[in-house]
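The numbers here are math on the coordinates, done by the rules we state, and not lab data. Here the structure is a predicted model, which is why all the values come from computation and not from measurement. Every residue, glycine as well, gets a Cβ built from its backbone with ideal geometry; the counts of neighbours run over all protein chains shown.
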Amino acid sequence: MKKVKLFSVLLMGLFLFNCGNSNSKTVNDKSDSKIQVALLLDTSSSMDGLIDQAKSRLWDIVNTLTTLKFQGKTPTVEIALYEYGNNGLSEKSDFIRQVTPMTTDLDLLSEVLFTLRTNGGLEYCGAVIQEAVNKLDWGNKKSDMKLIYIAGNEEFNQGKISYKEAISSALSKGIYVNTIYCGDNKTGIRELWKDGADCGQGKYFNIDYSNKVQYISTPYDDKISEYNIRLNSTYIAYGSKGAEKQMNQARQDENAKSISKENHTARTISKSKVIYKNESWDLVDLYDEKQSLKEISKNDLPKELKDKSETEIKAVIEDKKKERANIQKEIADLAKKRQEYIDNESKKENNGEDDLGKAINASVIAFAKVKGYTIE
């Protein structure tokens, strides 16, 4: 197996889009279009660097995707995750596992990323692409943007399922397939990763496996992270799983912090954006989504709200919503300054090496333009 540390290809490219727009959640700002991204990660032996970089870049990609608008409105963003090539998985399933379906639950996505482990195995690219195409709930609107990114480092044509047939099926559903080869460019071409991207009308990338995630500290990181505590205090957990979900929110804060201070900052920015929504357990997001509390029974309310009238409960929610919006605005203002600082420092540190992030940046812009999206 080829040792590799690379997932920053996709995520670092998308990171270049990152900006700090205010994202107070309003019904009128929402589009019924979707941006759907399926990440297919090789978790065979020696791919620990891949997993580590996925953890490190998750919140960058989240922040990036919030910059895409359709007809001036914010689309729903869903991310799915597959692992493949791991001997710990069932041979009957071609060593493939759906880690998460298409989901808007970003805390869940972070949680499962931190549970992935590597194990030697056979990498069947055609099989995992076919699985993602057939099993995920892809949107059917013409305006939906649907992307698969598959990362790995062995021959692309392994296994009994033809990658060409799997990719043809993807295209029939309007899904573009992009390939990320973990190694040098010529080997990736020889091992058919470029052909896979060509067949999928996507982009082919190769990366230097020695690349590591590089963070640029800014004068705004500490202040943004401080807002995280205040932001968490605006959530009102409800229902049987509310308390556990709220605890998981805090756990993912700690997971992000365990990677780096800058990664925690990026997560805090993500949590201030419209893509980070938790209506399944937070009363503020639920009320913002439904504009009603009819679906909530007294038993589902937190203890401090059970004896209050509906009017009183709504007043509490409105106060928390207003407080959250103010915090989001403060974070957004700082995030914009932070990104400007990072952009300027990145230019200074340009060492002339191939900038694969810029190549991916261009590819995502191209996809967005094809679908009529704009980038704010």
Vicinal HN-Hα couplings computed from phi for segment 76-85 (Karplus, 6.51 cos²θ - 1.76 cosθ + 1.60; Hz; Gly/Pro x): 6, 10, 10, 10, 10, 9, 10, 10, 8, x
Packing-based exposure ordering (other Cβ within 10 Å, fewest first) of I229, I207: I229, I207
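Over the chain, what is the relative contact order in whole percent, taking alpha-carbon pairs under 8 Å and six or more residues apart? The partial results should precede the final answer.
Details: 718 pairs, mean separation 89.2, N = 376.
RCO, the chain: 24 percent.
K298 to E318: FRET efficiency via 1/(1 + (r/R0)^6), r the Cβ-Cβ distance, R0 25 Å, to the nearest 0.05? Numbers along the way, then the final one.
Working: r = 20 Å, r/R0 = 0.78.
Efficiency at R0 = 25 Å is approximately 0.80.
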For G120, distant residues with modelled amide H under 5 Å away: S45, N87
Likely footprinting exposure, W138, W59, W281, fewest C-beta neighbours within 10 Å first: W138, W281, W59
Ranking of D288, D333 by count of other Cβ atoms within 10 Å, fewest first: D333, D288
Positive minus negative residues near D195 (Lys, Arg vs Asp, Glu; Cβ under 12 Å): 0
Selection of GluC sites (Glu not before Pro), segment 110-217, meeting DSSP coil and at most 11 other Cβ within 10 Å: none
Sequence-distant residues sharing a close amide H with N206 (under 5 Å, placed H): Y181
Cα gyration tensor shape of segment 221-343, rounded if a/c is under 1.5, else prolate or oblate by comparing a/b with b/c: prolate
With Cα atoms, 0 to 90° folded angle of helix 356-370 axis to the chain main axis: 70
The chain shape via C-alpha gyration tensor axes, a/c threshold 1.5: prolate
Rounded, prolate or oblate (a/c below 1.5 giving rounded, otherwise prolate when a/b exceeds b/c) for segment 44-104 by Cα gyration tensor: oblate
Hz values of 3J(HN,Hα) by residue in segment 241-254 - Karplus curve (6.51, -1.76, 1.60), Gly and Pro given as x: 10, x, 4, 5, 5, 5, 5, 5, 4, 5, 5, 6, 4, 5
Inter-probe distance in nm under a simple model that places probes 7 Å from Cα toward Cβ, at R230 and E244: 3.3
Stretch gain in nm, segment K369-K261, where the contour uses 0.36 nm per residue and the Cα spacing is subtracted: 35.5 nm
Loop trypsin sites (Lys or Arg not before Pro), segment 32-138 (other Cβ atoms within 10 Å of the site Cβ: 11 or fewer; DSSP): R117
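Assuming R0 = 30 Å, can you tell me the calculated FRET efficiency for the pair Y341 and E254, based on Cβ-Cβ distance, to the nearest 0.05?
0.70
Provide the FRET efficiency to the nearest 0.05 for the S143-Q98 pair, computing r from the beta carbons and using R0 = 35 Å. Provide the component values of the computation, followed by the final result.
Numbers: r = 26 Å, r/R0 = 0.73.
So the FRET efficiency works out to roughly 0.85.
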Part-to-part distance (alpha-carbon centres) for segment 321-337 and segment 254-276, which is given in Å: 14
0 to 90° range, to nearest 10: angle between helix 221-232 axis and the chain longest Cα axis: 60
Rounded to 10°, Cα long-axis angle of helix 48-65 versus longest principal axis of the chain: 50
